[in-house]
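Below is one structure; the comments refer to it alone.
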Amino acid sequence: MSSNVLIAFGLTVFAGLSTGIGSLMALLSKKFSPRFLALSLGFSAGVMIYVSFVEILQMSKAALVQHYGIKTGNWLMVAAFFAGIGIIALIDKLIPAYENPHEMHEVAECGKGDYSCIDEDKLKRMGVFSALAIAIHNFPEGLATFMGALSDPKLGVSIAVAVAIHNIPEGISVSAPIYYATKSRKKAFWLSLLSGLAEPVGAFIGYFFLHKYLNNSSLGIVFAIVAGIMVYISFDELLPTAEEYGEHHVAIGGLIAGMALMAVSLLLFL
């Protein structure tokens, strides 16, 4: 295995494992804080919404337009985006009512300082959904990082650093709900870390199996589907739950902060 391949794998692993940094940041709190949970969930929604519309969909559009032309490429991007929404909405609908994360008590029903009625199953499911969406997103991202580094190590470093910065808030979006659902920092950390490991897995599979078969069409469709999944999770689960567990302006403040961080990280690596 050439040195370029080893460097490319190393950069991809670095980018993927940075979700653990975000996870550690989210786990600094030593006791349950509904305001921090609301802020974290709002922040996560901001990250997902902004990165979906500003980055992932644009990557999808560029790939599909290059492959199919402007008109067909744009139609395919839109179709794949709403297909992603339809897929996650169908999964949500098929979950039995007693397990459905939307069936929960309002925090207002709890006594002051009593959070025993918090729906831990909802938070756990939300964290798992977020981890899956991020893992699917990170898979082609890891492939892109690996291929970029393989062709030019300097380009690979730039891509890896940019991806690593993106992955920090993604780590928060997974670990915060898992921690408050299970009260286990260890579970929250490892699930968050595992969602980032999809990047080196993407690099591995891309190098050994898919390198000859991947094209702009397949990657573009995957990106658009993932964007749809992340947007649905943000509007259907993250934001409503943030509103239920905290003040309205706390949730919105987290949303704006998440968007701002992603915006700055994208601008820094233009």
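Between S3 and I205, what is 0.36 nm times their sequence separation minus the Cα-Cα distance? Round to one decimal in nm.
Details: separation 202, 0.36 × 202 = 72.72 nm, distance 1.84 nm.
Gain on stretching S3 to I205: 70.9 nm.
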Worksheet item: What ranking, highest mean first, results for peptides 84-90, 14-20, 68-74 when packing means the other Cβ atoms within 10 Å averaged over each residue?
Response: 14-20, 84-90, 68-74
Discussion item. At 0.36 nm per residue, and after removing the present C-alpha to C-alpha distance, how many nm does the segment from A62 to H249 gain when stretched out fully?
Written reply: 63.7 nm
Worksheet item: When you count, for each residue, the other Cβ atoms within 10 Å and take the mean per peptide, how do 34-43, 185-194 rank with the highest first?
Response: 34-43, 185-194
Practice prompt. Show me 4-12, 260-268 ranked by packing, highest mean number of other Cβ atoms within 10 Å first.
Written response: 4-12, 260-268
Discussion item. Quick check: from the Cα gyration tensor, does region 172-233 come out rounded (a/c under 1.5), prolate or oblate?
Written reply: oblate
Worksheet item: Fully extended, how many nm does the chain gain between A83 and V54 (0.36 nm per residue separation, minus their Cα-Cα distance)?
Response: 8.6 nm
Item to complete: Using the structure shown, select from K154/K187; K122/K186; K122/K187; K61/K124; K71/K154 the pairs with a Cα to Cα distance greater than 24 angstrom.
Response: K154/K187; K61/K124; K71/K154
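Since every read-out is calculated from the coordinates, none of them should be taken as a lab result. All values reported here derive from a predicted model rather than from experimental measurement. A quick note on method: Cβ atoms are made from the backbone with ideal geometry, for glycine too, and the neighbour counts reach across all protein chains shown.
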